[in-house]
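Asks: Can you read through this structure? Questions will come right after.
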Amino acid sequence: MSARTSVSLVGLGDMGTALASAFISNSHPTTVWNRTASRADTLVARGATLASSAAACVSASELVIVCLLLNDTVREVFSGDTLKAVSGKTIVNLTNGTPSQAKDMEDLFTSNGAEYLDGGIMATPGLIGTPASFIFYSGSEAGIKRFESPLAVLGKVDYLGKSIGLAATLDTALLAGMYGAFAGAFQAMAMVRSVGLPVSKFTEEKLAPFIGNMTGLLLPIAIHVDKGEHPADGGNLAMQVAAIPNVLNTAREVGVWDGMLHPITKLMQRRVDHGGANEGLSALVDEMSLEKNE
Ligand code: FVH
């Protein structure tokens with residue numbers, strides 16, 4: 001059996017711990033560092049090596065995974081000797097950030113002699129290493145080729161190409177989808193709880209199946225967006241603008257805040273005001289360009 005790639009992990013929060021744990025479970029020699037060293041105890045008991053400093057952690061392996069709170073934290077940690085240690089390494093930064101931060105990080109690491117991959121983790125810590133986990137990567141092609149196999153123990157490797165901002169763009173777009181969908185679901189839960197119904201039963205039997213059915217509408221809508229055509233498909237915006245105040249008014253009547261749906265209500269009204277009464281929901285994506293909003 002060929003030797004497993006050694007991996008260094010900088011940052012052992014909930015996610016960094018899950019990443020390190022997946023490497024250990026797959027027999028990769030794993031060196032870890034965290035500001036609060038005690039967070040490494042369980043990993044060390046399972047075979048990880050605790051480095052005495054971030055610089056020592058980086059020096060220990062060619063593949064260095066970084067998972068800290070913010071890219072500002074990455075800058076803070078990767079200074080002085082730690083930054084010097086990145087020369088010749090492949091840095092895979094899985095810290096959440098924006099496309100412009102990804103570019104700044106690429107500049108920081110490559111100007112210090114490292115290959116750089118920016119990543120976006122599309123999983124919770126409990127899903128790392130399961131078939132439900134996937135991670136976007138962008139940046140160094142050589143780096144992904146060399147380390148695709150060890151990275152695959154974390155989740156499916158979804159390499160988007162050399163353009164460094166792509167992983168952050170798709171990561172944050174999916175988070176927008178998740179938070180937006182959750183916002184509507186939380187509005188529904190608050191309304192149902194307010195009239196004394198058990199939220200879990202409602203969610204299991206009505207809300208989750210209904211939302212599941214409605215997600216089937218997303219692909220046809222996306223196709224309309226790509227074509228720049230916005231047919232009503234049986235539910236025009238004029239009808240929806242008339243109906244949605246009933247949702248907001250019901251929320252208030254049953255005693256809950258109606259704010260989760262204010263943005264989409266405003267957007268629908270604006271599209272209708274701009275002549276979109278006979279269009280369908282796909283027109284709202286068009287209406288969101290900053291030109292129309294500023
Ligand atoms: N947890 C999740 O579900 C999501 C899934 C998608 C990806 N995100 C991103 O992953 C990054 C890390 O998230 P996390 O869940 O591990 O976050 P925490 O448990 O809060 O750990 C934060 C780590 O950052 C270290 N840290 C914070 N500030 C500093 C600092 N000034 N200097 C050095 N290290 C710092 C912290 O260290 P400590 O507090 O334990 O000493 C943790 O290692 C994040 O970008 C998510 O958006 C997670």
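Every number here is computed from the coordinates shown, using simple stated rules; none is lab data. Worth saying up front: this structure is predicted, and the values here are computed from it rather than measured. Cβ atoms come from the backbone with ideal geometry, glycine included; neighbour counts cover every protein chain shown.
Asks: Being in a helix (DSSP H, G or I) and either surrounded by 20 or more Cβ atoms within 10 Å (Cβ to Cβ) or among the charged types (D, E, K, R) (or both) narrows it down to one of 68, 43, so name that one. First the steps, then the outcome.
Replies: Numbers: 68 fails: in a helix (DSSP H, G or I).
One residue alone meets the criteria, 43.
Asks: Mind listing whichever residues of segment 243-294 are more than 16 Å from residue 191 (Cβ to Cβ) and small (Gly, Ala, Ser)?
Replies: 275, 276, 277, 280, 282, 283, 289
Asks: Now for a separate question. Only one residue in 51, 60 is surrounded by 16 or more Cβ atoms within 10 Å (Cβ to Cβ) and over 19 Å from residue 146 (Cα atoms). Which one?
Replies: Details: 60 fails: over 19 Å from residue 146 (Cα atoms).
From the options 51, 60, the qualifying one is 51.
Asks: Let me ask another. I need the full set of residues from segment 120-155 which are within 16 Å of the ligand (Cβ to nearest atom), over 12 Å from residue 165 (Cβ atoms) and among the polar types (S, T, N, Q), in order please.
Replies: Passing the criteria: 124, 130, 133.
Asks: Among the residues of segment 133-148, write down those that are among the aliphatic types (A, V, I, L, M) and either assigned to a helix (DSSP H, G or I) or without any contact (Cβ under 8 Å) to a residue 12 or more places away in the chain (or both).
Replies: Result: 142, 144.
Asks: What number of residues within segment 37-61 satisfy the criterion of being away from the ligand (no atom under 13 Å from the Cβ) and under 26 Å from the mean Cα position of the chain (by Cα)?
Replies: Of the residues in segment 37-61, 1 are away from the ligand (no atom under 13 Å from the Cβ) and under 26 Å from the mean Cα position of the chain (by Cα).
Asks: Can you pull out the residues in segment 10-27 that are within 10 Å of the ligand (Cβ to nearest atom) and either of a type in the set (Phe, Trp, Tyr) or free of Cβ contacts under 8 Å to residues at least 60 places away in the same chain (or both)?
Replies: Matches in segment 10-27: 12, 13, 16.
Asks: While we're looking at this one, here's another question. Which of the residues spanning segment 274-294 are loosely packed, with under 11 Cβ neighbours inside 10 Å and farther than 19 Å from residue 180 by Cβ? Walk me through how you get there before you give the answer.
Replies: First pass over segment 274-294, keeping only residues loosely packed, with under 11 Cβ neighbours inside 10 Å: 275, 289-291, 293-294.
Hits for segment 274-294 are 275, 291, 294.
Asks: Could you list, ordered by first residue, the pairs with Cβ atoms under 9 Å in which the first is in segment 28-54 and over 22 Å from residue 78 (Cβ atoms) and the second is within 9 Å of the ligand (Cβ to nearest atom) and in a helix (DSSP H, G or I), at least 6 apart or interchain?
Replies: From segment 28-54, the pairs are 42/17.
Asks: With the requirement that a residue be small (Gly, Ala, Ser), surrounded by 16 or more Cβ atoms within 10 Å (Cβ to Cβ) and not in a loop (DSSP other than H, G, I, E, B), what does segment 120-132 give you?
Replies: Our first condition is that a residue be small (Gly, Ala, Ser); within segment 120-132, this holds for 120, 123, 126, 129, 132.
The next check asks that each one be surrounded by 16 or more Cβ atoms within 10 Å (Cβ to Cβ); those that pass are 120, 123, 129.
If the condition is that a residue be small (Gly, Ala, Ser), surrounded by 16 or more Cβ atoms within 10 Å (Cβ to Cβ) and not in a loop (DSSP other than H, G, I, E, B), then 120 is the only one that fits.
Asks: While we're here: If I filter segment 94-119 down to residues being part of a loop (DSSP other than H, G, I, E, B) and away from the ligand (no atom under 16 Å from the Cβ), which single residue comes out as surrounded by the fewest Cβ atoms within 10 Å (Cβ to Cβ)?
Replies: As a first pass, look at segment 94-119 and keep what is part of a loop (DSSP other than H, G, I, E, B): 94-98, 111-114.
With away from the ligand (no atom under 16 Å from the Cβ) added as a condition, the list becomes 111-114.
Numbers: 111: 11, 112: 17, 113: 13, 114: 23.
The residue in question is 111.
Asks: So which of 166, 174, 154 is touching a residue at least 24 places away in the same chain (Cβ under 8 Å), in contact with a helix residue (DSSP H, G or I) (Cβ under 7 Å, 6 or more places away or on another chain) and of a type in the set (A, V, I, L, M)?
Replies: Numbers: 166 fails: in contact with a helix residue (DSSP H, G or I) (Cβ under 7 Å, 6 or more places away or on another chain); 174 fails: in contact with a helix residue (DSSP H, G or I) (Cβ under 7 Å, 6 or more places away or on another chain).
Residue meeting the stated conditions: 154.
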